[in-house]
Structure formats: structure tokens, C-alpha cells
């Protein structure tokens, strides 16, 4: 798309703060030692089994951002 990873990540965080994205499950390290991705909901779209999206962005106001949950940055330790 012609933008740096940092620029894209910054834009994604801003959209999350305004309520367009919502973290449904945080990233984590699974029991088998493999990373599990962070899962997001696009609040405009309905989730399976629901009638419509939550539209969190509609109730956002200046200075009242939603919490931004960033993926966990951890490195697995090497086995000795």
C-alpha cells in the first residue's frame, strides 16, 4: 500500500481508540509455544449470531477515547 508498518500501526491504533475496531481476544503465547493472534471486531459489522454491529464509533466523543490494546511483544525463551 506504500506506507510503513509504523504508519499503518499508528492508524490502526487511532481507529481502535475511536471505536471502529474492538479487541475481542488479546494475543498470547499458547501452551505449545506458538503465538496466538489478537482478534478484532469491526464494530460496524455484525458478529455471527447477532443482528447488527455495535457501532461504538457513534458514541465516541473528543477526549474520550476507547482503550487501545496493543499486541503483547514477547520473545519465547530458548530451552536449555
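A short reminder: the numbers here are calculations on the coordinates, not readings from a lab. Source: prediction; values computed, not measured. No Cβ is skipped: glycine too gets one built from the backbone with ideal geometry, and neighbour counts run over all protein chains shown.
Listing for the model above:
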read-out	value
Relative contact order [Cα under 8 Å, 6+ residues apart], the chain, whole percent	30 percent
Normalised alpha carbon radius of gyration of the chain [divisor 2.2 N^0.38 Å]	1.35
Helix axis angle, 5-17 relative to the chain longest principal axis, alpha carbon, degrees	50 degrees
Estimated [θ] at 222 nm from DSSP helical runs (n ≥ 4, -39500 (n - 2.57)) normalised by residues in the chain, nearest 500	-5000 deg cm²/dmol
Listed peptides 31-39, 18-26 by packing density, highest first (mean Cβ within 10 Å)	18-26, 31-39
Protection proxy ranking of 41-50, 8-17 - average other beta-carbon atoms within 10 Å, highest first	8-17, 41-50
